[in-house]
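The values are calculated or read from the model by the stated rules, or taken from the named source; none is laboratory data. Remember, it's a predicted structure, so these values are computed and weren't measured experimentally. Cβ coordinates were reconstructed from backbone atoms using ideal geometry, including for glycine residues, and neighbour counts include every protein chain displayed. The accessibility values were calculated without ligands, DNA or RNA, using every heavy atom of the protein model including side chains. Shrake-Rupley method; radii C 1.70, N 1.55, O 1.52, S 1.80 Å.
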Amino acid sequence: MSDPLVAQTFGDDSVRAAAELALGALSESPTALELITRGNRKETAVARFPTRGPVVVQLSTEPMWLRTEAALLEEIRQRTFVPVPPVLAAGSHEGVAYLLTAYVAGSDLHASFSTVDHAMRCDLARWFGRALARLHEAFRFDACGRLERGEAGLTASQQDCAGWVAGYGSRAISRLPSAFDDLTPDLRGLLASSPATDRTPRLFPWDFRPGNVLVADGAVTAVVDWEAPLAAPPALSVAKVEYLVADWYVDDLEPLRAAFREGYASVREYPSISPAHRAAAIAASAVDSEGRVTNPQYPPVDREAAIAFHRDALHSVLATA
């Protein structure tokens, strides 16, 4: 018999069945289920119980994504200092994947990053740089592209990394709205002329940003949302995280950029970032997976100001190319 709490939380029959199977791995039945908005490609809810701590249940009709995310979370916990939620259960049922993780307390850094004092903001930017560098040290691959979990662990399959980066950037440019049309030819030319990279592909956590970081008492308690991870040249992920951390929230960018780079360089050499890598990173950050322009700062600026923000950033890259 279907759990009435699960039935009223999830609308699709197959999603409900996967949710029940996931929650059945625990010794208690939930007394509350709260849907939360996190990402466009999966359903996520917080389950609360009479005596045990709450858990997060994620459900997706793309089984490989959550299967890969579960494997990556386990590996990150083993290999790095980057805090991620412990995995409690993972699997799939009738084409729907589920991932059950412990709930980690903390407030969303997106809401506070622009309001904390300057020293704290620089410390956090330094932490992002150090954390990304540690992820790069811990995860190296033989190819670029979407990571999948197989018998040999996490692997990618695109051997031509320069071609993969160009395709990644080209797809991002294609999603930009018409307000960017005058920049498109130059951006595509920049990607086409990008020199081949011989750097070993590393983990590309493409959504590694304050909005996916939880903090409590000034410390990072967890980084969430590791869906659909990629492997890419380190310069691409460094450019993207730097844009989302140092450029996104405040007008005085240089101290945050310096802190981020200092944090990264404390672990490994800061990579040489080509204009093509920066253009691809900015274009990919400017529009979400459903084609909506992303809104920087907090509170977020409106669409017109957001377009101007991303255009200015792309203009600056083209001016240095």
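Tallying residues that are assigned to a helix (DSSP H, G or I), surrounded by fewer than 17 Cβ atoms within 10 Å (Cβ to Cβ) and of a type outside the set (Asp, Glu) within segment 55-89 yields 5.
Just to be sure, is Glu34 open to solvent by 50 Å² or more (accessible area, probe 1.4 Å), within 16 Å of Ala90 (Cβ to Cβ), without any contact (Cβ under 8 Å) to a residue 60 or more places away in the chain and outside any loop (DSSP other than H, G, I, E, B)? Taking the combined requirement at face value, the residue does not satisfy it. Just one residue in the set Leu147, Leu214 is closer than 25 Å to Pro83 by Cβ, of a type outside the set (Phe, Trp, Tyr), out of contact with any helix residue (DSSP H, G or I) (no Cβ under 6 Å at 6 or more places or on another chain) and surrounded by 13 or more Cβ atoms within 10 Å (Cβ to Cβ); that residue is Leu214.
Across segment 309-321, what is the number of residues that are open to solvent by 30 Å² or more (accessible area, probe 1.4 Å) and either under 23 Å from Ser112 (Cα atoms) or touching a Cys at 6+ places or on another chain (Cβ under 6 Å) (or both)?
Filtering segment 309-321 for residues open to solvent by 30 Å² or more (accessible area, probe 1.4 Å) gives 309, 311-312, 315-316, 318-321.
Filter once more, so that each one left must be either under 23 Å from Ser112 (Cα atoms) or touching a Cys at 6+ places or on another chain (Cβ under 6 Å) (or both): 309.
So the count comes out to 1.
The C-beta contact set for segment 214-227 (first residue over 23 Å from Leu66 (Cβ atoms), second residue surrounded by fewer than 18 Cβ atoms within 10 Å (Cβ to Cβ) and aliphatic (A, V, I, L, M), distance under 7 angstrom, 6+ apart or interchain) comprises Ala216/Ala105; Gly218/Met120.
In segment 276-321, what residues are charged (D, E, K, R) and more than 21 Å from Phe204 (Cα to Cα)?
Just the residues of segment 276-321 that are charged (D, E, K, R), to begin with: 278, 288, 290, 292, 302-304, 311-312.
Arg292, Asp302, Arg303, Glu304, Arg311, Asp312, listed by residue number.
Restricting the first member to segment 40-67 and to residues that are farther than 16 Å from Ala19 by Cβ, and the second to residues that are of a type in the set (Val, Ile, Thr), the beta-carbon pairs closer than 9 Å and six or more apart or on different chains are Arg41/Thr61; Pro50/Thr31.
A quick yes/no check of all residues on (1) assigned to a helix (DSSP H, G or I); (2) under 30 Å from Arg67 (Cα atoms):
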site	(1), (2)
Pro185	yes, no
Leu203	no, yes
Phe208	no, yes
Val241	yes, yes
Ile282	yes, yes
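Count of segment 261-286 residues, restricted to those that are within 25 Å of Ala162 (Cα to Cα) and surrounded by 20 or more Cβ atoms within 10 Å (Cβ to Cβ), is 14.
Any chance you could count how many residues in segment 4-31 are in a helix (DSSP H, G or I) and either open to solvent by 70 Å² or more (accessible area, probe 1.4 Å) or free of Cβ contacts under 8 Å to residues at least 60 places away in the same chain (or both)?
Here is the first cut: in segment 4-31, the ones in a helix (DSSP H, G or I) are 4-9, 13-23.
Going one step further and asking which of them are either open to solvent by 70 Å² or more (accessible area, probe 1.4 Å) or free of Cβ contacts under 8 Å to residues at least 60 places away in the same chain (or both), we end up with 4-9, 13, 16, 20-21.
Number satisfying all stated conditions: 10.
Which of the residues that make up segment 71-84 are closer than 22 Å to Thr155 by Cα and in contact (Cβ under 8 Å) with a residue 60 or more places away in the chain? Selection gives Ala71, Leu72, Leu73, Glu75, Ile76, Arg79, Val82, Val84. Restricting segment 170-188 to residues that are small (Gly, Ala, Ser) and closer than 13 Å to Ile307 by Cα, the residue that is most open to solvent (accessible area, probe 1.4 Å) is Ser178. Kindly indicate whether Arg199 is open to solvent by 20 Å² or more (accessible area, probe 1.4 Å), in contact (Cβ under 8 Å) with a residue 40 or more places away in the chain, closer than 16 Å to Arg130 by Cα and not in a strand (DSSP E or B). Here the answer is no, as Arg199 does not meet what is asked. Give the residues of segment 292-304 that are touching a residue at least 24 places away in the same chain (Cβ under 8 Å) and open to solvent by 40 Å² or more (accessible area, probe 1.4 Å), sorted by residue number. Within segment 292-304, Gln297, Tyr298 meet the criteria. Residues that are among the aliphatic types (A, V, I, L, M) and either open to solvent by 20 Å² or more (accessible area, probe 1.4 Å) or under 10 Å from the mean Cα position of the chain (by Cα) (or both) within segment 231-252 comprise Val241, Val250, listed in sequence order. Yes or no: Thr51 outside any helix (DSSP H, G or I), at pLDDT 95 or above, on the phi < 0 side of the Ramachandran plot and not acidic (Asp, Glu)? When the stated conditions are applied, Thr51 passes them.
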